[in-house]
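J.: I have a structure here, written as structure tokens, and I will follow up with some questions on it.
Nothing in this text is a laboratory measurement; each read-out follows from the coordinates by a stated rule. The model shown is predicted, which means the values in this text are computed figures rather than measured ones. All Cβ positions, glycine included, derive from the backbone under ideal geometry; neighbour counts span all protein chains shown.
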Amino acid sequence: MNADDGVSGEEGQRPSDDASMPLTAHLEELRSRLIRSSLAVLAAFVVCYLTAERLITFMTAPLLRLEASGLTVIGTGVAEAFFAKLKVAFVAAIFLSLPVLLWHAWKFVAPGLYRHEQRYARGFVFFGTLFFLLGAGFCYVVIFDIGYRFFLDQYQQLDIRPAIRVSEYLSFSAKLMLAFGVVFELPVAGVFLAKVGLIDHRMMIRQFPYAFLGMVVLGAVLTPPDVISQVLLAAPLTVLYGLTIVLVYFMRRKEGGEPEEAEEDEDDD
């Protein structure tokens, strides 16, 4: 018996207004959510721009604390400092407005879900924000230290003093932090997909070899070209994958998924 089969009445039905909603209405809803999300980012951007100097100091700290010989952070264009402030303020605005962005993302897909599935909005926003920040924090504390140390060592081997462009550095660092934040959403995405019945813990266990290969490839793409950094991404991803399996398993048990497994075992016999 599927866990969703136990839901009866209105709770087990998809909203009727969504079934009859035309494509133009979906597009209008998407437009509305995008406008509200953009306004949230804009408001956060204004706040972050007022503290852009502190944000740049925060972002450059992982590089400067390595104390590499001759290391300097430079600007090579007239307007580079101004655009560097805009860039770091925009990235910070995404982090600051993330709960709002996740909320509108959920509200856009919610009409297509069962009514009992629509109750998970707060959990999705909270844990989505939490794991995103954990991923970005892991990148800032661990990956930056090892990755930038590796890159600066290449200068030392060539006996060249590194002069790092501030705009280039901020772009590279921001992309890494955003990438790690997205990657750390794996448990949230896994639980959500399990809630709507698209995956379960047995499927995830069976697909683990392929998932692990994908993690290794992702680690090679997102991190500097050294084995240590790749392992530093693949290792937490593997842990997150295992955590997702455990969460999905206990979620299925709580929702009464065990009878279904028992029936399948009897059918196999």
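J.: Can you give me the long-range amide H partners of Arg165? Hydrogens built in the peptide plane at 1.01 Å from N, cutoff under 5 Å, separation of 5 or more residues or another chain.
T.: Under 5 Å from the amide H of Arg165 lie the amide H atoms of Ile74, each far enough along the sequence or on another chain.
J.: What is the local net charge at Phe83, summed over the other residues whose Cβ is closer than 13 Å to its Cβ (Lys, Arg +1; Asp, Glu -1)?
T.: Computed value for this residue: +1.
J.: If you don't mind, another one. How large is ³J(HN,Hα), in whole Hz, for each residue of the stretch 92-106 in order, when computed from phi with the Karplus curve 6.51 cos²θ - 1.76 cosθ + 1.60 and θ = phi - 60°, using x for Gly and Pro?
T.: In residue order, the calculated couplings are 4, 5, 5, 5, 5, 8, 4, x, 5, 4, 5, 4, 6, 4, 5 Hz.
J.: Subtracting the Cα-Cα distance from 0.36 nm times the residue separation, let me have the gained length for Arg65 to Leu27 in nm, one decimal.
T.: Using 0.36 nm per residue and subtracting the Cα-Cα distance, I get 8.8 nm.
J.: Let me ask something else about it. Could you tally the net charge around Thr51, taking each other residue with its Cβ under 15 Å from the Cβ of Thr51, Lys/Arg +1 and Asp/Glu -1?
T.: Local net charge: +2.
J.: For Thr57 and Phe82 in one chain, what is 0.36 nm times their gap in residues minus the Cα-Cα distance, to one decimal in nm?
T.: 7.6 nm
J.: Still on this structure, please answer the following. Could the peptides 235-245, 61-71, 44-54 be put in order, highest first, of the mean number of other beta-carbon atoms found within 10 Å of their residues?
T.: Put in order of decreasing packing, that is 235-245, 44-54, 61-71.
J.: Collect residues whose amide H, placed 1.01 Å from N in the peptide plane, falls under 5 Å from the amide H of Ile199; neighbours closer than 5 in sequence don't count.
T.: Amide H neighbours of Ile199, under 5 Å, 5+ apart: Ala194.
J.: How big, on average over all directions, is the shadow cast by the Cα convex hull of the stretch 23-174, in nm²?
T.: 11.6 nm²
J.: May I ask you to derive the relative contact order of the stretch 24-168, considering only C-alpha pairs under 8 Å and at least 6 residues apart, and to give it as an integer percent?
T.: This gives 39 percent for the stretch 24-168.
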